[in-house]
1. Condition (residue is polar (S, T, N, Q) and at pLDDT 95 or above) applied to region 279-287: is it met by at least one residue?
2. Can you confirm whether region 120-140 contains a residue that is assigned to a loop (DSSP other than H, G, I, E, B) and modelled with pLDDT of 65 or more?
3. When you check Thr71 against the structure, is it surrounded by fewer than 17 Cβ atoms within 10 Å (Cβ to Cβ) and either modelled with pLDDT under 75 or not assigned by TED's automatic domain parsing to the domain that holds Leu55 (or both), yes or no?
4. How many residues does region 75-112 hold that are touching a residue at least 12 places away in the same chain (Cβ under 8 Å) and farther than 19 Å from Lys56 by Cα?
5. Please specify each residue of region 6-36 satisfying the condition of being of a type outside the set (A, V, I, L, M) and touching an Asp or Glu at 6+ places or on another chain (Cβ under 7 Å).
6. Across region 229-279, which residue is nearest to Asn193 (Cα to Cα) among those that are in a strand (DSSP E or B) and under 25 Å from the mean Cα position of the chain (by Cα)?
7. Counting only residues that are in contact with a Phe, Trp or Tyr (Cβ under 9 Å, 6 or more places away or on another chain) and surrounded by fewer than 21 Cβ atoms within 10 Å (Cβ to Cβ), how many does region 178-211 have?
8. Between Ala282, Ala316, which is under 30 Å from Asn354 (Cα atoms), of a type in the set (A, V, I, L, M, F, W, C) and either touching a residue at least 24 places away in the same chain (Cβ under 8 Å) or part of a strand (DSSP E or B) (or both)?
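The values are calculated or read from the model by the stated rules, or taken from the named source; none is laboratory data. Remember, it's a predicted structure, so these values are computed and weren't measured experimentally. Glycine gets a Cβ as well: all are built from the backbone with ideal geometry, and neighbour counts include every protein chain shown.
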Amino acid sequence: MKPYKILIVEDERVTLRNLEYVLKKEGYDVVGTTSGSNALKLLQEENFDLILTDLKLEKVDGIEILEKCKTISPDAEVIIITAYATISSAIESMKKGAFYYLPKPFKLEEVKKLVKEALEKVKLKKEITKLKKLIKTGEKPVIIITQNPKMQKILETAKQIASTDCNVIITGESGTGKELLARYIHYNSLRNNGPFVAINCGVFNEELLANELFGHEKGAFTGAEATKKGLIEVANKGTLFLDEITEMSPSMQAKLLRVIQEKEFLRLGGTTPIKVDVRFIAATNKDLKSLIKEGKFREDLYYRLCVVSFKLPSLAERKEDIPLLAYYFLKKYSSLMKKEVKEISPLALEILMNYDYPGNIRELENIIERGVALATGDTLEPGHLPEDLQFLKIKTFRKKEGRYPTLEEQEKEYILWVLKEVGGNKSLAAQILGIDRVSLWRKLKKYGIE
């Protein structure tokens, strides 16, 4: 996935350099300028996801940049920065669609947090636009590639329950495809003509999350010049996917519980309940039952959401899917980059098969995207893979069947791996393990290794 593109318009060169440095370090594609006129030119020539602009600039000010941005790129967000903060300029900025009005001096950590929240909103808007187009054409943009029996069983069950309209909780490590499974359920349900709306609960503070979910009435707070629909309302007749549900505060959990129970909610500042018909699918990479015991997650909300639950396996538990997924991503990124990379060399595939993927499918996709970008011929070679994979010095440890493996289990696994690497040569294996042949013989007998 391409990094988000940010334009910074700031006439103080030191402030501009500081903002550029901090945001580039966060992995964003950053363009900076000290001129408002040049900013308007850049907005015409390039697509930006977020604009941070000073309010007071020569010739062209921040309000003009905001207005131009909303005309050219309505999905983009704008943060106004100013050393001359006034209530009237703040109201004007918010009225014209600014995401936030940030007075100087500010802390760089505060800017990083605001940028993350603004880009999450950009992602949501783009997703709604894209999915509306897909729904209009009748396309079903959900591809889940697997030949793993456990995953196939999950998909079979998901398809069965899709039409029942019950709420669902999906658990699993980061990068295992929780949102993709949520989409799969939506597009196999009777709601597939309605919207699928996703939000990451972990990137918003309580106040902003409430505004995103419930919306607000005109005049609900300073700068609320128009009524705004929340995502619960936007998802009416469709599905709302709540990622990182465990990051919700207790008070937000209570509000969500009421929406699920009563099928109605109030916008911020509103007095008239709004009826909604929404299916909720929630996801987390945490142990919900442990959080309930610790008092960090409401038990009543858990049972309202967890009518059906799915636990997605890690990619390390579905090794047979690695070649399928690798070739799928190879085709995808070769097409996007307009390249003719059609094959993965046997050695490169062996390296991919031997890796444990702590980042799961998302990490594999990133590795293949990088490989396609670096490839010059029609084959992805070991040299196109990250250096740490080429020499495979990484060892990951993960739970097995819901429990942590013992030291003996890890030792047995390592001995078997060394023996395989040396072709069964026990003398060489003992040397690598740093023990004598007799000690190795005892361990082989202990673990029942022939």
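1. Let us first name the residues in region 279-287 that are polar (S, T, N, Q), namely 284-285.
Among the residues that remain, those that are also at pLDDT 95 or above are: 284.
Yes, the conditions are met somewhere in region 279-287.
2. First, the residues of region 120-140 that are assigned to a loop (DSSP other than H, G, I, E, B): 137-140.
Those left that are additionally modelled with pLDDT of 65 or more: none.
No: zero hits.
3. On the way: surrounded by fewer than 17 Cβ atoms within 10 Å (Cβ to Cβ): yes; either modelled with pLDDT under 75 or not assigned by TED's automatic domain parsing to the domain that holds Leu55 (or both): no.
Considered against the rule, which asks whether it is surrounded by fewer than 17 Cβ atoms within 10 Å (Cβ to Cβ) and either modelled with pLDDT under 75 or not assigned by TED's automatic domain parsing to the domain that holds Leu55 (or both), Thr71 comes out as no.
4. Selection size over region 75-112: 4.
5. At the first step, the residues of region 6-36 found to be of a type outside the set (A, V, I, L, M) are 10-13, 15, 17-18, 20-21, 24-29, 32-36.
Answer for region 6-36, where residues must be of a type outside the set (A, V, I, L, M) and touching an Asp or Glu at 6+ places or on another chain (Cβ under 7 Å): Glu10, Asp11, Gly32, Thr34, Gly36.
6. First, pick out the residues of region 229-279 that are in a strand (DSSP E or B): 229, 239-243, 264-265, 268, 274-275, 279.
Imposing the further condition that a residue be under 25 Å from the mean Cα position of the chain (by Cα) reduces the set to 229, 239-243, 279.
On the way: Lys229: 20, Thr239: 10, Leu240: 14, Phe241: 16, Leu242: 20, Asp243: 22, Arg279: 13 Å.
Step by step, filter region 229-279, then rank; the result is Thr239.
7. Here the count works out to 4.
8. Values: Ala282 fails: under 30 Å from Asn354 (Cα atoms).
Just a single option satisfies the conditions, and that option is Ala316.
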